[in-house]
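Data block below; observations after.
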């Protein structure tokens, strides 16, 4: 969802989901956390024991964001050109939604789109990018794929002069990714920290659910831990579990349950992506646990959890994953037409809480982005 990611390969089973040692070497790994029952919803202005900076950061993260579209271009000249899109796992809701956005935008420009599903596996990602290069497309998009795993095919694309746009994952080798579309991991981490701190009166014992193969998740967690260390070094602590993208549907729920049972001080779960949060929430519900969860991505199911007060109290959301697909298409269009890159190489985000979730619809949460598709089509000379 998006610092450098670990180069460890895709792993499965108990090894990946083993509970890590209580997380930080920073002062925020203190064991003097409040019990789980302390986790409550509410604004930072009502939290006892939190500095005013928590309130101001929470308010800033909850503020609406504007829509900005780059300079106009003539996308009609791309008609008939080939585009390959390789996703890390097209069964994951976030990945599927992004690809739907890319497909819709590219097809509006008359491009021929081929989608490849890496199925959560590094070797399949290599296969997909290699096959794409062999087909000599005008451009390639990779979605949430560890670029270290596909270094060889990316080098081949670079040699062949095929531009590559990466969603979320930066180039491990300079020059092999032409453009990066990602969210602000630091914003994600600070926003999640502000809500977790507010909801626990700055007595936070947070459980992170991350995958070390996704650099954005690690960077976001680092930003959260840094804020904990600065705000509550004596009253906050962290621990973590890792997940495998290939098995998250069957392993995340049990891993979260086990972690909370082993450490009853945990009062907030922080999931950088809703693809994980959607399995963690039911697990906590089944335990009748008072632990709350903050997610990321803005999936509709998770926004409904927030609206209904079902475990999840917040989500660092983007306007929509389809929107991410459209700005990714916008970047590849600009590369192919030798135009300056759009300012939307960073995906806009907003913290959604019980205070501003409303009906959970994109039109109410991101009103400036209503009908964004038509606005892009107009900017591209297609509407």
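Readers should treat all values here as calculations from the given coordinates under stated rules, not as data from a laboratory. A quick note: this is a predicted structure, and the numbers were derived from the prediction, not measured. As a convention, Cβ positions derive from the backbone with ideal geometry for all residues, glycine included, and neighbour counts pool all protein chains shown.
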Hey, how many Å between the Cα centroid of the range 309-371 and the Cα centroid of the range 197-245? 23
Packing-based order for 229-239, 60-70, using average beta carbon neighbours within 10 Å, highest first: 229-239, 60-70
Going by the alpha-carbon gyration tensor, a ≥ b ≥ c the square roots of its eigenvalues, is the range 178-247 rounded (a/c under 1.5) or, if a/c is not under 1.5, prolate (a/b greater than b/c) versus oblate? oblate
Mind giving me the FRET efficiency for residue 123 and residue 81? R0 is 30 Å, r the Cβ-Cβ distance, nearest 0.05 is fine. 0.60
Length gained if residue 378 through residue 300 is fully extended, taking 0.36 nm per residue and subtracting the Cα-Cα distance, is 25.3 nm
When percent of Cα pairs over 33 Å apart is calculated directly from the model, which label among (1) 29; (2) 40; (3) 33 fits? (1)
Percent relative contact order for the range 177-250, counting Cα pairs under 8 Å at least six residues apart, stands at 38
Among 169-180, 205-216, how do they line up from the highest to the lowest mean number of other beta-carbon atoms within 10 Å? 205-216, 169-180
